[in-house]
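Everything below concerns the one structure shown next.
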Amino acid sequence: MTNVVITGTGLYTPEHAIDNAALVSAFNTWVDNENARFAEEIARGEREPLAHSSSEFIEKASGIKSRYVLDAAGILDPERMRPQLPARQNDEPSIQCVMATAAARQALENAQVAPEDIELVIVACSNLERAYPAVAVEVQQALGAGGYGFDMNVACSSATFALETAANAIASGSVKRALVVNPEICSAHLNFQDRDSHFIFGDACTAVVLENSAVAVARERFEILGTRLVTQFSNAIRNNAGFLNRVTDSDPLAIDKLFVQEGRRVFKEVCPLVAKLISEHLASLELSGSDLKKMWLHQANRHMNDLIARKVLGFEPSETQAPIILDRYANTSSAGSIIAFHLHHDGLEEGDIGVICSFGAGYSAGSVVVRRQ
Ligand code: CO8
């Protein structure tokens, strides 16, 4: 029987941070400018004035205090309200490749694995910079990895779905070592003019090295006891950007070509789905919530995580049991649960069990149960 182990993780954090106060100030200036521009229509009752955002609301509703982004200046410019990133020529590394290689090198170093010993590279994230060639193949070349690579997208659950895919490739004997990277540039598909969602996302990239335990040398390793995935179609989180926009003559800059959600509905529908997934997954492994030392959950909303952890554990989780990183990073889509794992896996003893769990658009949710070796 092939045991699959996680032997290294890595994290790339962009240099720019925007706290709630700065984000709200730029948003409110934009609102004031828009309301002044349409003052006559508003006075005639033909148009509703836009409302201000507030830092207090953001922190109370979500737990988010700040976020990292690739470009703060463009987002904070009330005349622009979106990041400004340099266009890359075909002979330059793509932006996601740069993020991915930074996180991957750290993960490889932690795993004590040489890049050329990687036989599978999966780039898994919510949005890909281009249609083809696959970013994963570019990352494979940039690192000097062997084997093959491919991209996959399951929105927020991209990382856990990729961990299962990589673990299966190792368990079946196709490869001995795999690298999963999650370069999330959420700021590029967030509508910074939408009061309901302008605060939700941040940018980051995570990387995970998985190995057949027979070839692993890292002292600290986490055996994958099992993975379980679930999807259930929903339009409550949607983004209509796609390659058909050009030929269906729809406006490529329309707001439905960005992230749109019904936040309250998502909250209500996703929490029970995730708690059930984790509980049933644990039961299938003859485990229960009381066996879990850690829950590294998707990082979208603090209250969602508290609720899910409470349902699975049967009691209020402590900060160490269900670590929160969304206060600093906001929602980094698929990278979130892996950032939580990367920053908060120290202190576990041999035999301790934890779960990495993602959830989001699709709906999709993934559970990866691991044991410290
Ligand atoms: N400032 C002040 N007031 C506000 C603001 C604001 N910024 N925004 C809304 N309000 C007001 C509303 O207008 C409303 O007022 P009223 O009661 O008068 O109508 C009131 O505040 C309450 O609004 P909500 O009901 O919307 O507030 P909630 O308590 O539901 O909180 C949240 C909103 C925080 C969005 C919450 O619903 C939530 O977090 N839901 C779950 C979200 C979630 O998990 N989504 C999954 C995200 S998908 C994903 O993670 C990956 C997708 C793919 C990546 C995409 C990358 C871009």
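The values are calculated or read from the model by the stated rules, or taken from the named source; none is laboratory data. Being a predicted model, the structure only gives us computed values, none of them experimental. Glycine gets a Cβ as well: all are built from the backbone with ideal geometry, and neighbour counts include every protein chain shown.
Only one residue in GLY289, GLY242 is of a type outside the set (A, V, I, L, M, F, W, C), more than 10 Å from the ligand (Cβ to nearest atom) and surrounded by 17 or more Cβ atoms within 10 Å (Cβ to Cβ). Which one?
Just a single option satisfies the conditions, and that option is GLY289.
Would you mind finding the one in PHE259, PHE222 that is within 10 Å of the ligand (Cβ to nearest atom) and modelled with pLDDT of 95 or more? I'd like the intermediate steps shown before the answer.
Values: PHE222 fails: within 10 Å of the ligand (Cβ to nearest atom).
The conditions single out PHE259.
Could you list, in sequence order, the residues of the stretch 294-324 that are within 14 Å of the ligand (Cβ to nearest atom) and either of a type outside the set (S, T, N, Q) or on the phi > 0 side of the Ramachandran plot (or both)? Please lay out each step first, then the result.
Just the residues of the stretch 294-324 that are within 14 Å of the ligand (Cβ to nearest atom), to begin with: 297-308, 324.
Of everything in the stretch 294-324, those that are within 14 Å of the ligand (Cβ to nearest atom) and either of a type outside the set (S, T, N, Q) or on the phi > 0 side of the Ramachandran plot (or both) turn out to be LEU297, HIS298, ALA300, ARG302, HIS303, MET304, ASP306, LEU307, ILE308, ILE324.
Which of the helices (runs of 4 or more DSSP H) found entirely inside the stretch 1-93 contain at least 2 residues meeting this: within 16 Å of the ligand (Cβ to nearest atom)?
On the way: elements: 20-37, 39-43, 55-62, 72-76.
Helices (runs of 4 or more DSSP H) meeting the threshold: 20-37, 55-62, 72-76.
How many of the residues in the stretch 94-125 are in contact with a strand residue (DSSP E or B) (Cβ under 8 Å, 6 or more places away or on another chain), assigned to a helix (DSSP H, G or I) and farther than 23 Å from GLU15 by Cα?
So the count comes out to 2.
Could you go through the stretch 146-157 and let me know if any residue there is in contact (Cβ under 8 Å) with a residue 12 or more places away in the chain, more than 18 Å from the chain's Cα centre (by Cα) and on the phi > 0 side of the Ramachandran plot.
So far as the stretch 146-157 goes, yes, one or more of its residues are in contact (Cβ under 8 Å) with a residue 12 or more places away in the chain, more than 18 Å from the chain's Cα centre (by Cα) and on the phi > 0 side of the Ramachandran plot.
Counting just the residues of the stretch 114-131 that are surrounded by fewer than 24 Cβ atoms within 10 Å (Cβ to Cβ) and in contact with a Gly (Cβ under 8 Å, 6 or more places away or on another chain), which one comes out nearest to SER157 (Cα to Cα)? Lay out the reasoning, then the answer.
From the stretch 114-131, those surrounded by fewer than 24 Cβ atoms within 10 Å (Cβ to Cβ) are 114-117, 119, 127-131; that's our starting set.
When the remaining residues are screened for being in contact with a Gly (Cβ under 8 Å, 6 or more places away or on another chain), the result is 115-117, 119.
Numbers: PRO115: 25, GLU116: 28, ASP117: 27, GLU119: 23 Å.
Residue satisfying both the conditions and the ranking: GLU119.
If the requirement is being touching a Phe, Trp or Tyr at 6+ places or on another chain (Cβ under 7 Å) and under 30 Å from ARG328 (Cα atoms), which of these qualifies: ILE6, ILE18?
Working: ILE18 fails: touching a Phe, Trp or Tyr at 6+ places or on another chain (Cβ under 7 Å).
Only one candidate qualifies: ILE6.
As an exercise: evaluate ILE338 against (1) within 13 Å of the ligand (Cβ to nearest atom); (2) in a helix (DSSP H, G or I); (3) surrounded by 24 or more Cβ atoms within 10 Å (Cβ to Cβ); (4) of a type in the set (A, V, I, L, M) and give the number of the one condition it does not meet.
Tallying (1) within 13 Å of the ligand (Cβ to nearest atom); (2) in a helix (DSSP H, G or I); (3) surrounded by 24 or more Cβ atoms within 10 Å (Cβ to Cβ); (4) of a type in the set (A, V, I, L, M), ILE338 fails exactly one: (1).
Which residue out of THR227, THR206 is assigned to a strand (DSSP E or B), at pLDDT 95 or above, within 16 Å of the ligand (Cβ to nearest atom) and of a type in the set (Ser, Thr, Tyr)?
Working: THR227 fails: within 16 Å of the ligand (Cβ to nearest atom).
After applying the criteria, what remains is THR206.
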